[in-house]
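Okay, so here's the structure we're looking at.
Laboratory data are not the source of any read-out in this text; all were calculated from the coordinates shown. Everything numeric here is computed off the predicted structure, so don't read it as measured data. Every residue, glycine as well, gets a Cβ built from its backbone with ideal geometry; the counts of neighbours run over all protein chains shown.
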Amino acid sequence: MDIPRIFNITESAHRIHNPFTADKFATLGAALRLEPGARVLDLGSGSGEMLCTWARDHGVVGTGIDMSALFTEQAQRRAVALGVDDRVTFVHGDAAGHVSDEKVDVAACVGATWIAGGVAGTIALLARSLRPGGIILVGEPYWRQLPPTEAVAKGCLAHAIADFLTLPQLLASFGQLGYDVVEMVLANQDGWDRYEAAKWLTMRRWLEAHPDDELAGEVRAQLSTEPVRYATYTREYLGWGVFALMPRLDLRPI
Ligand code: SAH
């Protein structure tokens, strides 16, 4: 079981597999006022940077689940490097349908909402692992500017304009699902550059090392076209953020 190999190639050198940077995860961790011993579940944990740095900086404990064997191994190595491997566990597996045995203080899916069929399904899945009073974290793209045509949405590698909402629409949608938005930290274009441009050097070096690989043609094509595509479309039109949510259900109107 694994994700398509192309991602394990292009993102092999990434510590963070989305447009967040280390300072954004630090900002988010501080914004959430995490307590030592707080329990965190991370579905689609990638190379584990969020859990590992929050374990180091805030003393959280937790589990990450990811379908990439490579990213999971990198997460385990990162935990050892940061001296937090006694607090965090990384499991290689499918996070679809995963509910933790013990309820958690923070249930997160940061940039992998397809695992439960979209934002609403992912929130519903995370809610099943959440203790009362806990916080759900969802990382998701939104349109910084609405694409003027469907072709522009495709240029952003979306299937359609309807794939994403604008930021106000996305925030409103959380309310419609019965959640308060209690915090948010947004990526910026420098963060997008770290996520996208970092793939280019990785691809170049991989091509030099694997000229005869069956994916060499695909990687060559991506390296040739991605910088201009990215600058034309994704960098201009797509935003990305992590949204902290608490269910409204337990609140009674006064
Ligand atoms: N949250 C991480 C990774 C985001 S990228 C970070 O912030 O860096 C999306 C991740 O979802 C990738 O690591 C990918 O391997 C993982 N993934 C994709 N499908 C999955 C599935 N069904 N179950 C678990 N992880 C999955």
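Checking residue 55 against (1) farther than 18 Å from residue 99 by Cβ; (2) within 12 Å of the ligand (Cβ to nearest atom); (3) not polar (S, T, N, Q), only one condition comes out false. Which one?
That leaves (2) as the condition not met.
Could you list all residues from segment 11-68 that are closer than 20 Å to residue 201 by Cβ and hydrophobic (A, V, I, L, M, F, W, C)?
Listed by number, the residues that qualify are 13, 16, 20, 22.
Of the numbered conditions (1) touching a Lys or Arg at 6+ places or on another chain (Cβ under 9 Å); (2) over 27 Å from residue 131 (Cα atoms); (3) within 12 Å of the ligand (Cβ to nearest atom), residue 46 satisfies every one except a single condition; which is it?
Every condition holds for residue 46 apart from (2).
Is one or more of the residues making up segment 55-75 assigned to a loop (DSSP other than H, G, I, E, B), in contact (Cβ under 8 Å) with a residue 12 or more places away in the chain and touching a strand residue (DSSP E or B) at 6+ places or on another chain (Cβ under 6 Å)?
Of the residues in segment 55-75, the ones assigned to a loop (DSSP other than H, G, I, E, B) are 59-60, 67-68.
Next, only the ones that are in contact (Cβ under 8 Å) with a residue 12 or more places away in the chain stay: 59-60, 67-68.
If we keep only those that are touching a strand residue (DSSP E or B) at 6+ places or on another chain (Cβ under 6 Å) as well, we get 60.
Looking for residues that are assigned to a loop (DSSP other than H, G, I, E, B), in contact (Cβ under 8 Å) with a residue 12 or more places away in the chain and touching a strand residue (DSSP E or B) at 6+ places or on another chain (Cβ under 6 Å), one finds at least one in segment 55-75, hence yes.
Which one is farthest from residue 43 (Cα to Cα) among residues in segment 126-158 that are of a type in the set (Lys, Arg) and either over 21 Å from the mean Cα position of the chain (by Cα) or outside any helix (DSSP H, G or I) (or both)? Walk me through it before giving the result.
Here is the first cut: in segment 126-158, the residues of a type in the set (Lys, Arg) are 128, 131, 144, 154.
Among the residues that remain, those that are also either over 21 Å from the mean Cα position of the chain (by Cα) or outside any helix (DSSP H, G or I) (or both) are: 128, 131, 144.
On the way: 128: 13, 131: 16, 144: 26 Å.
Within segment 126-158, the match that is farthest from residue 43 (Cα to Cα) is 144.
Taking the stated definitions as given, is residue 115 of a type in the set (A, V, I, L, M) and over 15 Å from residue 170 (Cα atoms)?
For residue 115, the condition - of a type in the set (A, V, I, L, M) and over 15 Å from residue 170 (Cα atoms) - is met.
Taking segment 1-38 as the search range and keeping residues that are more than 9 Å from the ligand (Cβ to nearest atom) and touching a Gly at 6+ places or on another chain (Cβ under 6 Å), which one is farthest from residue 144 (Cα to Cα)?
36
Please pick out the residue among 23, 94, 2 that is in a helix (DSSP H, G or I) and surrounded by fewer than 16 Cβ atoms within 10 Å (Cβ to Cβ).
Checking each option against the conditions leaves just 23.
Within segment 26-63, work out how many residues are among the hydrophobic types (A, V, I, L, M, F, W, C), farther than 21 Å from residue 239 by Cβ and crowded, with 22+ Cβ neighbours inside 10 Å.
Here the count works out to 8.
Quick test of your reading of the structure: residue 90 fulfils all but one of (1) under 23 Å from residue 185 (Cα atoms); (2) within 14 Å of the ligand (Cβ to nearest atom). Name the failing condition by number.
Among (1) under 23 Å from residue 185 (Cα atoms); (2) within 14 Å of the ligand (Cβ to nearest atom), the lone unmet condition for residue 90 is (1).
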